[in-house]
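For reference, the structure discussed in these notes is given below.
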Amino acid sequence: PVISVSYDNTEADGYYNATRTATITVEERNFDPNQFTFSGDYGTLGTWRNDGNTWTNTITFSEDGDYQFSLGCTDRAGNKAEGYSSEKFTIDKTAPVMSVSWNNDNPSNGNYYNTQRTATITVVEHNFDGSLINLTGDGSISGWSSNGDTHTATVSFPQDGEYHFTLSGQGLAGNACENYDSGDFIIDTTTPILNIDGVQASISYKEDVGFTVDVEDKYIDIANTSVELVGRKNGALRVSGSSSGTSGHYSFASMPREEMYDDVYTLNAKVTDMAGNVNEETLVFSVNRFGSKYTFLDASMLNTYLNAPRDVVIEETNVDKLDTSKARVSVIRDGNEIDVDKDLISVVESGGQSDKYNYTYTVAKEAFDKDGKYLVQVFSHALEGTDYSSVSEEYAFVLDTQKPEIIISGVESGDRYRAYDKS
């Protein structure tokens, strides 16, 4: 017998994305279908037909798989045909499945990212060739790694920039996978620039003060960029300026020279970009041009005479916090400072949450143990370094506890005198 095989389609690379049919032809007068043999991997056998001495059948390869088969035949007389062995070929009708996942898929403002991004490409395909997966646009595909029919590679974007890419591809059989489009995205890991000029933290300013704030970033988020000045007592003060494009400028020209504007101020400056990068600075400073104010709480004692000692209470108010450990009360009697037991002098701090700090100095009445003219002075020291005192004020009084003496001379009680007058 003579065996021959023909195919309805032939590809040089042996990969087919459609059903392939092999037609078997046997030239034999005494053909016996039962002595025709098949071995290896083959498809579905059809029905034998003959036309005289010519017998034909088909093998249909419709299922995905790798095929290679052999045919043999012996006629009824025992003559054995030369066998037929096919080349190895593959039927693959299944398109590759491509998917892309990201290590960072949580953008700000639509498509801004503040960390590097890496895309992991996964292709599920039995007949895979990495060279058939194409990237167009930004980035490049790393080397592929495979685990069975699953193949992975990465595309990394470690640098700041604006990116976009597409992926397309096919398997060895020519089945195309669904394309992937990354869309436009922006990586911005750079912190915006923020500069404050004119004021510094923890400084107490004794003269007029103003400041400027400058911000800069390629992708400023104007809605989340702000500069505010808030006084502990005065609340928010208006700061001029705005941001547009890639920069912003804000300013506060000057503080009105009125005592009410002496206050502790908090300057909050914040610049945010579209990727969520934030640069924020908070400065706390004070404006203290009028210094400490002193009040002698019992005004009826001032510059007057007392016939009994009383507690002396002086209140000091100041924008800045004072160091009470360095506070000193001086008591002067008749021009000379006297030693006063420290237990007779107290300092109590209050306020400072919403207004100025208050310091109440109390000198107990036991400190005024002798008659004389007394002068009380307060000396204080702010934490920021400035010294204050009440020496410009006259907190004085005179203590006189002695009763007046009356002396009568020239006459005696109970005596009589013969005279028109007596001295």
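The values are calculated or read from the model by the stated rules, or taken from the named source; none is laboratory data. If you're wondering where the values come from, they're calculated on a predicted model, not measured in any experiment. FYI the Cβ positions are ideal-geometry reconstructions off the backbone, even for glycines, and counts take in every protein chain you see. For accessibility, only protein heavy atoms count, side chains too; no ligands or nucleic acids. Shrake-Rupley method; radii C 1.70, N 1.55, O 1.52, S 1.80 Å.
A few points about this structure:
The rows are residues; the columns are (1) among the hydrophobic types (A, V, I, L, M, F, W, C); (2) exposed (fewer than 14 other Cβ atoms within 10 Å of the Cβ); (3) more than 30 Å from Asp129 (Cβ to Cβ).
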{"position": "Ser6", "(1), (2), (3)": "no, yes, no"}
{"position": "Thr10", "(1), (2), (3)": "no, yes, no"}
{"position": "Gly14", "(1), (2), (3)": "no, no, no"}
{"position": "Arg20", "(1), (2), (3)": "no, no, no"}
{"position": "Glu27", "(1), (2), (3)": "no, no, yes"}
{"position": "Thr44", "(1), (2), (3)": "no, yes, no"}
{"position": "Asp51", "(1), (2), (3)": "no, yes, yes"}
{"position": "Gly78", "(1), (2), (3)": "no, yes, yes"}
{"position": "Ala81", "(1), (2), (3)": "yes, no, yes"}
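- Positions within the range 275-308 being closer than 30 Å to Leu194 by Cα and either under 12 Å from the mean Cα position of the chain (by Cα) or polar (S, T, N, Q) (or both), in sequence order: Ala275, Gly276, Asn277, Val278, Asn279, Glu280, Thr282, Ser286, Asn288
- Checklist (1) surrounded by 13 or more Cβ atoms within 10 Å (Cβ to Cβ); (2) within 30 Å of Ala223 (Cβ to Cβ); (3) at pLDDT 95 or above applied to Ile121, failing item: (2)
This table checks each residue for (1) in a strand (DSSP E or B); (2) closer than 22 Å to Ala382 by Cβ; (3) in contact with a strand residue (DSSP E or B) (Cβ under 7 Å, 6 or more places away or on another chain).
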{"position": "Ile196", "(1), (2), (3)": "yes, no, yes"}
{"position": "Asp214", "(1), (2), (3)": "yes, no, yes"}
{"position": "Ala223", "(1), (2), (3)": "no, no, no"}
{"position": "Val284", "(1), (2), (3)": "yes, yes, yes"}
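- Some residue of the range 234-248 being under 22 Å from Ser292 (Cα atoms), more than 19 Å from the chain's Cα centre (by Cα) and not in a strand (DSSP E or B): yes
- Test: residue in the range 323-332 that is of a type in the set (Gly, Ala, Ser), assigned to a strand (DSSP E or B) and open to solvent by less than 50 Å² (accessible area, probe 1.4 Å): yes
- Residue match in the range 104-112 (condition: over 30 Å from Ile222 (Cα atoms), touching a residue at least 60 places away in the same chain (Cβ under 8 Å), open to solvent by less than 80 Å² (accessible area, probe 1.4 Å) and assigned to a strand (DSSP E or B)): no
- Criterion (assigned to a helix (DSSP H, G or I), within 22 Å of Val329 (Cβ to Cβ), open to solvent by 40 Å² or more (accessible area, probe 1.4 Å) and not small (Gly, Ala, Ser)) met by exactly one of Glu394, Glu384, Glu366: Glu366
- Residues that are loosely packed, with under 15 Cβ neighbours inside 10 Å and either in contact (Cβ under 8 Å) with a residue 40 or more places away in the chain or hydroxyl-bearing (Ser, Thr, Tyr) (or both), drawn from the range 298-316: Ser300, Leu302, Asn303, Thr304, Tyr305, Asn307, Ala308
- Any hit, the range 208-224, residues being closer than 30 Å to Val100 by Cα and surrounded by fewer than 17 Cβ atoms within 10 Å (Cβ to Cβ): yes
- Complete set of residues in the range 397-416 that are of a type outside the set (Val, Ile, Thr) and surrounded by 10 or more Cβ atoms within 10 Å (Cβ to Cβ): Phe397, Leu399, Asp400
- Any chance Val155 is in a strand (DSSP E or B), within 30 Å of Gly14 (Cβ to Cβ) and either charged (D, E, K, R) or modelled with pLDDT of 95 or more (or both): no
- The range 258-276, residues that are out of contact with any Lys or Arg (no Cβ under 7 Å at 6 or more places or on another chain) and either open to solvent by less than 20 Å² (accessible area, probe 1.4 Å) or charged (D, E, K, R) (or both): Glu258, Glu259, Tyr265, Leu267, Ala269, Lys270, Val271, Thr272, Asp273, Ala275
- Hey, Ser251 open to solvent by 20 Å² or more (accessible area, probe 1.4 Å) and either part of a loop (DSSP other than H, G, I, E, B) or touching a helix residue (DSSP H, G or I) at 6+ places or on another chain (Cβ under 9 Å) (or both) or not: no
- Of all residues in the range 2-16, one or more are aliphatic (A, V, I, L, M) and under 60 Å from the mean Cα position of the chain (by Cα).
- In this entry, Asn127 is excluded by the filter for residues that are assigned to a loop (DSSP other than H, G, I, E, B) and without any contact (Cβ under 8 Å) to a residue 24 or more places away in the chain.
- Any hit, the range 388-401, residues being closer than 30 Å to Ile203 by Cα and of a type in the set (Phe, Trp, Tyr): yes
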